[in-house]
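These notes are about the structure you will find just below.
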Amino acid sequence: MKIGVIGTGYVGLVTAAGLAELGHQVQGVDKDTEKIEKVSRGIVPIYEPGLDGLLKSNMEKGRLNFSSDLSGTIREADVVFVCVGTPPQEDGSADMCQIEEVSRQIAENLNRYKLVVEKSTVPVKTSYWIKRTMSLYRKSDVEFDIASNPEFLREGSAVLDFLNPDRIIIGVETERARDILLGIYEKFKDRIVVTNIDTAELIKHASNSFLALKISYINLISNICDRTEANVEQVAAGMGLDPRIGSRFLKAGVGYGGSCFPKDIRALVKIGEDLGVDMSLLKEADKINADRVRIFLDKVKKALWILKDKNIAVLGLAFKPETDDIREAPSIRVIRELLREGARLRLYDPQAMGNMKQLYPEEPGRLIYSSSPYQAADGANALLVLTEWAELAGLDLKKLKATMANPIIVDGRNVFEPEAARKLGFEYYSIGRK
Ligand code: UGA
């Protein structure tokens, strides 16, 4: 069985490498020729632990290659995984242009039966539109099937997630499609859940929105903790011991970001509203998240009063650890607000500075990038933490204090222990704990 993977973004690259690792013959394709040229030489455009090794070893074994010839890849393939982007539009809905374009391309190259698998996150009912588009554009009566197989990998642990999935969701409408996908994921047969296509599509949006809701929930509770003697980490730990709640995704902080949660929760709101469903629960979760940066900045102002001309070290720019991704990262809004107030910033992140430089280029005297957290902290009136990188959690606080102008930390991810920081003479602010 030959597999074509269309799109070599985050999901596409991991899917292509992961399917090859399962032993399949995979060709990844993208219209970005420069990207394809790089990936073919083993250069991975994103920072994702383990991905370069997985790509390289499978390319060496001859199971994986990359091409910019979309028609050729489709014609060669028995199964086509669609991994192109579905970026958000102004009204929250997903922009489906790329999916539509790919559907037409597949239809035009339908030389024999093919199974088309939606891997990108798409609104429920997308398969209807893919099917309709393909039926309109195919040149012969060659048969095809559509399936939904949403991806649940997390950035930073994507390879691990692909190779050790909690579940594989397969949404199909024919036995032929089901059997093909059961064959592809044979190795995980104990974790496969087969549903209809609408259900599979909805499982993805419902899962991400639920996780985002869970984070907003604990962030809401942290606001109560901030005004009382309660400690949000202990509240979360106490709640999490109930297996019906579970302890994961109960970490309060400066809010969720990334290319998935913010976009998916808004997309589901739009999907529901278009169907006449009251989606205010999820709208509130989105609103709570949007408010996290303001709440964090209030803490900074509580510590510094006036931000103008203050030297502020900002540690952690990625939307979460183990990635260089800054899409919808809280750091972007924090930096924007601090600059607006006239602060002078020194930024540091182990991986994401390159991406942040595209958005905020260096401006000496206003914003510079540092080669280490200690350098960023040098002469700082306050130090802010926005991503819980292990490197930051492991910082030598004594050394930091010696280099800072004022020993003030505002920790947006609760990476330090309040007592330890205070013992060393820091004025320490964090989320939902004293
Ligand atoms: C998320 C989902 O976790 C994946 O299952 C899904 O496949 C993926 O979206 C997707 O749709 O492609 P990801 O965005 O990579 O994965 O990152 P997460 O680990 O889920 O974190 C998302 C955000 O929530 C981060 O900003 C993180 O800092 C924040 N977060 C997470 C919290 O603030 N608190 C928590 O307890 C957990």
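The values are calculated or read from the model by the stated rules, or taken from the named source; none is laboratory data. None of the values given here were measured: they were computed from a predicted structure. Backbone-built Cβ (ideal geometry, glycine too); neighbour counts: all protein chains shown. Protein only, heavy atoms only, side chains kept; ligands, DNA and RNA dropped before computing areas. Shrake-Rupley method; radii C 1.70, N 1.55, O 1.52, S 1.80 Å.
From zero up to wherever the largest Cα-Cα distance of segment 204-290 sits, split into 5 Å bins and tell me the percent of pairs in each.
Bin by bin from 0 Å, the calculated values are 3, 15, 24, 22, 17, 12, 6, 2, 0.
With +1 on each Lys and Arg Cβ and -1 on each Asp and Glu Cβ, how big is the dipole of segment 363-434 about its Cα centre, in debye rounded to the nearest 20?
In total the dipole reaches around 220 debye.
Among DSSP beta bridges lying fully in the chain, give the percent that are antiparallel, nearest 5.
Beta bridges within the chain, antiparallel portion: roughly 5 percent.
If you count only protein heavy atoms with a 1.4 Å probe, what accessible area per residue comes out for segment 57-152, rounded to a whole Å²?
Using a 1.4 Å probe on heavy atoms only, each residue of segment 57-152 averages 44 Å².
Just the number, please: percent antiparallel of the DSSP beta bridges in segment 292-429, rounded to the nearest 5.
Here the antiparallel bridges make up roughly 5 percent for segment 292-429.
Please report, largest first and rounded to whole Å, the three semi-axes of the ellipsoid equivalent to segment 292-429, where each semi-axis is the square root of five times an eigenvalue of the C-alpha gyration tensor.
Equivalent ellipsoid semi-axes, largest first: 20, 17, 14 Å.
Take the Cα radius of gyration of the chain and divide it by 2.2 N^0.38 Å, with N its residue count; two decimals is plenty.
With N residues counted in the chain, Rg over 2.2 N^0.38 Å equals 1.07.
Taking N as the number of residues in segment 204-350, what is its alpha-carbon radius of gyration divided by 2.2 N^0.38 Å?
Normalised Cα radius of gyration, segment 204-350: 1.14.
By DSSP, what percent of the beta bridges with both residues in segment 2-195 are antiparallel, rounded to the nearest 5? It would help to have the intermediate numbers written out before the result.
Values: 2 of 28 bridges.
The antiparallel fraction comes to roughly 5 percent.
From the backbone phi of segment 89-97, what are the Karplus-calculated ³J(HN,Hα) couplings (6.51 cos²θ - 1.76 cosθ + 1.60, θ = phi - 60°) in whole Hz, Gly and Pro given as x?
9, 3, 7, x, 6, 7, 7, 9, 4
Apply the Debye scattering formula to segment 2-195, with a single equal point scatterer on each alpha-carbon and no solvent, then give log10 I(q)/I(0) at q = 0.08, 0.14, 0.16 Å⁻¹.
-0.23, -0.76, -1.01
Going toward the positive end of the dipole of the chain, with +1 on Lys and Arg Cβ and -1 on Asp and Glu Cβ, which of Pro364, Ala380, Val142 do you reach last?
Selected residue: Ala380.
Treating the beta-carbon of each Lys and Arg as +1 and of each Asp and Glu as -1, no other charges, what is the dipole magnitude of the chain about its Cα centre, to the nearest 20 debye?
860
Please work out the C-alpha center-to-center distance from segment 194-223 to segment 238-308 and express it in whole Å.
Taking the Cα centre of segment 238-308 as reference, the centre of segment 194-223 is 12 Å away.
For segment 341-390, what is the accessible area per residue in Å², given a 1.4 Å probe and the full set of protein chains?
Details: 2070 Å² over 50 residues.
Accessible area per residue, segment 341-390: 41 Å².
Please tell me the relative contact order of segment 292-429 in percent, rounded to the nearest whole number, where contacts are Cα pairs under 8 Å and at least six residues apart.
RCO, segment 292-429: 25 percent.
Among Leu181, Leu304, Leu359, which one shows the highest mean-square fluctuation when the chain is modelled as a Gaussian network with alpha-carbon springs under 10 Å?
Per the Cα network of the chain with a 10 Å cutoff, Leu359 tops the list.
Between Arg244, Arg346, Arg336, where does the largest GNM mean-square fluctuation fall for the chain, given springs only between Cα atoms within less than 10 Å?
Arg244
Just want to confirm a number: the relative contact order over segment 204-290, from Cα pairs under 8 angstrom separated by 6+ residues, in percent.
Normalised by residue count, the contact order of segment 204-290 is 40 percent.
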